[in-house]
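Here is the structure we will look at, set down as structure tokens.
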Amino acid sequence: MSAVPPFRIGMLTPSSNTVLEPYTAALLAPLFPRVTAHFGRFRVTRIGLDPGADAQFSQEPILAASDLLADAKVDLIAWNGTSASWLGIDTDERLCAAITARCGVPATSAVLSLRRYLAGHGITRIGLVTPYTSDVQARIVQTFARDGITTVAERHLGVSDNFSFATVPEGEIADLCRAVAVEMPQAIVVLCTNMRGTLIAADLEAELGVTVLDSVAFTLWGCFAERGLPTRDLAGFGRLFA
């Protein structure tokens, strides 16, 4: 990579998330110490469509966490969560604009990064894998449909407790991906930054012959894309980076 060291990425994470920090560090290991990730948390414990769950994603606590990341002089801030997939993609557009205005650095998110990748690769048919409840899953399918993305197959686990998402075994995630692959999507999206699809994506791609887009991975990809930086050093983690 030609970036002048260090490239410091600030990432915002739900408070109950235990996956995205260590798995992002694993992805960045080939680039350490040239590229580093630094994390800020705000309270998120449950995923649902009720007002109490939605309120967890109000802007002010997220912006307060962004302020603290800005103290570390990060070069970019990413919201490493998927809430815009059921709240509406425009919520992340507004949030990222507010972060940039407040902190003076570019901002992106998991959902905006996914949208960027899908559009850039002409992908309009996906298989969707999540840990979420049926009503949240249905809302996600609707959100993607409004953005021109058809979900040709989906699997979800019916769980709402955010901490519990991290306990789903990699083998179970792989089986969900195999199930949606039957409908021949252009890509499989593992949508949740607290779900451990990151390190199994490359092997699943080799097995299934389809791109597997894990949320932790495509959020990081989006950070590199925002800076126009190559990701070839991470190609071993899947087609996303190749």
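The values are calculated or read from the model by the stated rules, or taken from the named source; none is laboratory data. As the structure is a computational prediction, the values presented were derived from the model and not from experiment. Note that each Cβ is placed from the backbone with ideal geometry, even for glycine, and that neighbours are counted across all protein chains shown.
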field: Residues (surrounded by fewer than 15 Cβ atoms within 10 Å (Cβ to Cβ) and under 30 Å from residue 69 (Cα atoms)) located in segment 99-151
entry: 101, 104, 119, 120
Looking only at segment 42-66, and only at residues there that are crowded, with 20+ Cβ neighbours inside 10 Å and of a type in the set (A, V, I, L, M), the one that is nearest to residue 19 (Cα to Cα): 44
- prompt: Does any residue of segment 98-119 turn out to be touching a strand residue (DSSP E or B) at 6+ places or on another chain (Cβ under 7 Å), more than 21 Å from residue 48 (Cα to Cα) and part of a loop (DSSP other than H, G, I, E, B)?
  reply: yes
query: Do we have any residue at all in segment 218-232 that's surrounded by fewer than 23 Cβ atoms within 10 Å (Cβ to Cβ), in a helix (DSSP H, G or I) and touching a Gly at 6+ places or on another chain (Cβ under 8 Å)?
result: no
query: Condition test on residue 141, is it of a type outside the set (S, T, N, Q), out of contact with any His (no Cβ under 9 Å at 6 or more places or on another chain) and under 22 Å from residue 13 (Cβ atoms)?
result: no
task: Tell me which residues, restricted to segment 175-212, are touching a Leu at 6+ places or on another chain (Cβ under 6 Å) and not in a loop (DSSP other than H, G, I, E, B).
output: 177, 181, 187, 189, 212
- prompt: Here are some residues: 138, 153. Which one is among the hydrophobic types (A, V, I, L, M, F, W, C), over 24 Å from residue 241 (Cβ atoms), without any contact (Cβ under 8 Å) to a residue 40 or more places away in the chain and not in a helix (DSSP H, G or I)?
  reply: 153
field: Matching residues, segment 210-231, being over 14 Å from the mean Cα position of the chain (by Cα) and of a type in the set (Asp, Glu)
entry: 226
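Let's see how each residue does on (1) out of contact with any Asp or Glu (no Cβ under 7 Å at 6 or more places or on another chain); (2) part of a loop (DSSP other than H, G, I, E, B); (3) in the same structural domain as residue 169 (by TED's automatic domain parsing); (4) among the small types (Gly, Ala, Ser):
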| position | (1), (2), (3), (4) |
| --- | --- |
| 24 | yes, no, no, no |
| 27 | yes, no, no, no |
| 52 | yes, no, no, yes |
| 77 | yes, no, no, no |
| 81 | yes, yes, no, yes |
| 91 | yes, no, no, no |
